[in-house]
Every structure is written in structure tokens, then in C-alpha cells.
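Take a look at the structure set out below.
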Amino acid sequence: MRSTRATTTLHPTSTTGKGIVRFAAPPLGDLRWQAPHPPTLNRSSTISASEYGPICPQSPNGGSAAPPAYGDEDCLFLNVWAPPNAEGLPVLVWIHGGGYGQGSSQQDLSYIINENGNNFVGVAIQYRLGAFGFLSSDEVFRNGVVNAGILDQTFALKWVQTYIHLFGGNPTKVTISGESAGGGSVMLQTMAYGGSLGTELFQNAFSSSPYLPMQFKYGDWIPSQSYYAFAIAAGCFGGAAYGYETKGTTIFDCLVGKDTQTLQNASFYASASANFGIWGFLPVTDGVLVQDLPSRQLTEERVNGQRLLIGNNAEEGAPFVQQNVTTEADLITWLQLTFPMFTNSDIAKVLLYYPSSNASTNLNADEYATNGYTGATAVNESAVGTGQQQRANNIYAETTFVCPSYWMAEAFSNPPRVSYKYQYSVLPALHGTDVSAYFGPPSPQQGPDFSRAFMHIVGNFVTMNDPSISPAIANGASSSSSNSSTYSNSSTTSNSATAWPPFAIYAPYQLNLNQTGGTEISVETIGDKNSTIYVGPGLQNDFSLVNAYTWEGGRGYRCDFWKSVGVIVPE
């Protein structure tokens, strides 16, 4: 393969070139639902860096009213951002999120690379999504592979090991990263093959809001039902009595022979018909690549990689929970739907771990952000919900995004491994709102000091294996030092982010990334709900070191509860 460093820039101030590369053969026809293969096309031609490759076919989450979003099955491309004259630089690999059903590699990495002095190379990868990447059943397992999308990611990481030196990258200094399903993918890559890969594919992992939906075994009832729903929608389930199409071929063979648009429509409708907020096609336990439940394997510290930067947002759950939970009876109904394997006793335990003094939600109650360690907690109060509704929001947040971040931090907490944990708390701190802070351009509620600090936290982790940043960057141009509670422009005033301690069971510290100051405004956040945020000028960094276990009324202990019921969640 011949590669040339790209000269096309992504925006006028960028000094970083971008290249686009086919890393695997088009997964069409007989290669559908098979492990990725090396490409045979364009092996000796220079590829234009002026645009992104085609996105993969997209599938929505349950309850979506959006029309189908079409993609191209020939989508296994990656993008490379290489600074001029790069040589032997560390590498950041980005795995996009989107519930394993949506998204693409079209994330501009040049802002964070430029802000860090062009001292690392960036790579953003694509992988098969929806039914194309995560179709699962006994028949798929026998005739092809399950978790095809995760295998695509692993294949791309192998490409990085082989070819990134041609772009000035160092394959021995790779950090994999991702947010939401991308963060969940990072988690699964750290668990890949039972944690037997060590540092073969990467040394560091950065996972933001790692998405952990219910993870079933590949042939369980739920993934099998999704398989049959997909087959019916594609016209491959004609003989109901035997499970075969009328032409006599197997369901799998029939699906392999269908045209792309038929399969895209089938993936879309099968996924959209799932319960609200749930994605129809998801990673499964296959016994090979994904060998166990994360809640169990992470506890056993069977992981790949050596260092971890892991975080969650203050309000992860609200976008994925219907905002109509007003009474405890509503909450119980929602719990029964969300956790179908729970008995009444299991639900009673959940209510015990998430107590509420209100019989119903006061629709006129004030909504405000908790401070994490005194007063009201996230169990009952946030900037977007109160009472029973917030109980549901927080239960979903902790079991799906927050607790996996705790379990990952714990899995990397013993030498020779090391982990660093944080929470992103800038209002409204909803799921996904952190990405613009570390990749830019920042949103109005993310001050320039904050975004710069977050970019350097990630950059220092990639280049120096430690997310600690200098006092000048931590404090910003006019920030308040959370350690001294005084305003300072000093480049030497200490800040919690300047000496970030590793996470440990006996000292479970996390860095709370927040701001003070700014101008208060009201914006629409969830549905037709308005919430308060603060915008500049006047925003100042407010970073503080807190106990992650006692945080938000004992969040660490609630995560231990979810770990104990992992088999019946399952997760």
C-alpha cells in the first residue's frame, strides 16, 4: 500500500492534513456478516484527502420517528490527520458513538491536534452498524460472525499497527478512544479475547460515557427475535413453520442475497420498533471476541492496555427515558419494561437503592444541578428532572453509562495498570454534550478556558500517559482555583487538574470538571423542557477532586449493586 501525507486542510486555521484509507474489503455479498478481509481495491493509488468516505447504513433507536437514513455497505474506511513532517508521533484512534446503529468517522480531529502543538496523529474509523454489524443468532454464528462491527474495529486497529508509521505515527504509542457506543467499543476492545492481547494493539484507552446496554449471549431470545424481525422485514421468513423462505434456502442465505436497500430498510424498521431508547442490534457475548459480561470480566481485571482515562457526564439518562414518569407506580412500570428479567424482589431492591421521599413528581418543582456531595443528589434532582422522573433518569444513567465507567476505572486501578476518572458537569451535562469540549469547536456553554483545558487533558494522556495539565491551562485566563476558592490569573497557582491522582479502590478520586460565572440563559433540552445554562463571557474553570464512591449520595455503592445483578440485567 502506498500512502502519501495529505495536504488538504479541514478548516482555515488547521495545520493538520487529512487522509482517507480503505482498511478492509467491501463487506458485500458473500462477505456480509463475515469477519473483515484485507482490501483488494486501490492498493497502489493515491487516495484523495478532500472528503470523507461514505457512511455505513444507519439504524435508529426505538421510538424514532425519523425517516430511514441510507448509507453505503462499502464503508470500511478510516481517516488520518497527520501534522506536517510528522515522525514517530503518538496516535489517537477515535471510535464514533451512535448506539451501534448510527454515526460515522466524520469527526474533525484537527482542533485537538492543533491545540496540543501538533504532537500526535489522529485516526477516526468506521465500522458496520445496525443489522449489518450486529446481527446475531445461532444461524449467524454458524454461518458467519456475530459482533461484525467490533471485529471491524479490531481490524482497523491492526491496520494502524501495520501502516500508521507511513503517516508519521508510532504504533507502540496508540491510544484508542470513543464516546457512548464508541466508549462502549473501547470497553469491549479492552476486554477483547478475554484480555489476552495485552498492549498488542494499543497502550492507552480513553472512554467517555461508555455505553453498556443489555449484553445477551449470541443465541439468546432477544437477539434471536431481532434476527427474525429483520428477516421478516427483508422478506426472508416465508415458511413460518420451518423458519425457511419458500425458495428453500436458509434465512441467512436469503439475507446474504438481498440488495442493500432492502436490508437497510429492514434494519431500520426492526430497530425503530424496539422499546423507547433501545437500539435493535447490539454487541453480544460470543465466547471468542467478547467472552463475558463486562460487569464480571472487568471485576476480574482481565483487560488489554495499560492506562485508562475514563469519564461520565452528570446527566446521562434523560435523553433515553420517556419523560412521563410522575408516580412511583409509573416508575415501577418503567422498571418492569426496562429490566424484564427482574422479579418483584429485584425491583424492590432498586427502589431501596434509589430512595425517594415523594410519592409523585411535583411538576412545578425547581430543577437544578446538584453539587455532588451535599444537599439533594442525582437520585431525585437534576437540571432536567425531579422526583420520580429523575429516579428513572438516574437509574438508566447509572446502569447504562455511569457504572461501566466505575467498573473500567477499577479494572485498571492496580499496578502495572493505572486509571484516571472524571465527571463532566458543565450544564446541562447531557449525554454527548462533552464531545465538543475536547474536540471543538466548543458550544456556547463551554468557555474557551474549559475547552482548552479538556483538550490538553486528553492530549497529555495521549502523549505523556498522564492527563494532568499545567496550572496556567487548568486555571485558564481568569478562572477560579477550586483548591483555594480565590480568583487567580497566575500560571503557577495549583489546581486539582495539575496533579491528578490515579483512581484506586482505597482512594477513589475523580476530577469534577465544571465552570462558574457566565450569563444565565434558558434553552430547550429534553423534548419541550427548558433548562438553565450559563454562557460567556465570564465563564471560569472550576475543577475539584471528589470521592467517586460517596459522590451523589453513594454512587459507587449503587454501582456495586448493579454489578451484583449483572447476570439478570444482563450487562
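Within region 286-394, report the chymotrypsin sites (Phe, Trp or Tyr not before Pro) that DSSP leaves as loop and that have at most 14 other Cβ atoms within 10 Å. List each step's numbers first, then the result.
Working: sites: Phe320, Trp334, Phe342, Tyr353, Tyr368, Tyr373; in loops: Phe342, Tyr368, Tyr373.
Filter output for region 286-394: Tyr373.
Rounded if a/c is under 1.5, else prolate if a/b beats b/c, else oblate: with a ≥ b ≥ c from the C-alpha gyration tensor eigenvalues square-rooted, which is region 192-237? All intermediate terms of the calculation are to be shown ahead of the outcome.
Numbers: a/c = 2.94, a/b = 2.49, b/c = 1.18.
Prolate.
Name the shape class, rounded, prolate or oblate, that the alpha-carbon gyration tensor gives for the chain, where a ≥ b ≥ c are the square roots of its eigenvalues, rounded holds for a/c under 1.5, and otherwise prolate holds if a/b is larger than b/c and oblate otherwise.
On the way: a/c = 1.71, a/b = 1.13, b/c = 1.52.
In terms of gyration-tensor shape, oblate.
Less than 14 Å apart at the alpha-carbon level, and either on another chain or at least 8 residues along: which aspartates and glutamates does that give for Lys421?
Glu410, Asp466
Region 498-515 to region 124-188: how many Å between their Cα centroids?
30 Å
Leaving out same-chain residues fewer than 8 places away, which aspartates and glutamates sit with a Cα under 13 Å from that of Lys258?
Hits, sequence-local ones excluded: Asp30, Glu73, Glu245.
For region 517-571, what size does the Cα cloud have along each of its three principal axes, sorted from largest down, in whole Å?
47, 33, 16
Need the list of aspartates and glutamates near Lys217 for cross-linking: C-alpha distance under 18 angstrom, and skip anything on the same chain fewer than eight residues off.
Within the straight-line cut-off, Lys217 pairs with Asp138, Glu139, Asp286, Asp292, Glu571.
May I ask what percent, to the nearest 5, of DSSP beta bridges between residues of the chain are antiparallel?
Working: 31 of 65 bridges.
So the antiparallel bridges in the chain amount to around 50 percent.
By DSSP, what percent of the beta bridges with both residues in region 318-564 are antiparallel, rounded to the nearest 5?
Numbers: 18 of 22 bridges.
Antiparallel bridges: around 80 percent, rounded to the nearest 5.
What shape does region 318-564 take by its C-alpha gyration tensor, where a ≥ b ≥ c are the square roots of the eigenvalues and a/c under 1.5 counts as rounded, a/b above b/c as prolate, and the rest as oblate?
Details: a/c = 2.23, a/b = 1.42, b/c = 1.57.
Since a/c reaches 1.5 but b/c is at least a/b, the shape of region 318-564 is classed as oblate.
Under the rule of -39500 (n - 2.57) per DSSP H run of 4 or more residues, summed and divided by the residues of the chain, what mean residue ellipticity at 222 nm is obtained, to the nearest 500 deg cm²/dmol? Show your work: numbers first, answer last.
Details: 17 runs with 167 residues, N = 571.
Result for the chain, helices only: -8500 deg cm²/dmol.
Net charge within 10 Å of Leu309 by Cβ-Cβ distance, Lys/Arg positive one each and Asp/Glu negative one each, not counting Leu309 itself? Present the calculation step by step, with values, prior to reporting the outcome.
On the way: positive: Arg307, Lys421; negative: Asp466.
Cβ neighbours under 10 Å give a net charge of +1.
Give the order of Trp81, Trp221 when sorted by the count of other beta carbons within 10 angstrom, beginning with the fewest.
With the fewest neighbours first, Trp81, Trp221 line up as Trp221, Trp81.
None of the figures in this text is laboratory data; all of them are computed from the coordinates on show. Note that the coordinates shown come from a computational prediction; the quantities given were computed from them, not determined experimentally. Cβ coordinates were reconstructed from backbone atoms using ideal geometry, including for glycine residues, and neighbour counts include every protein chain displayed.
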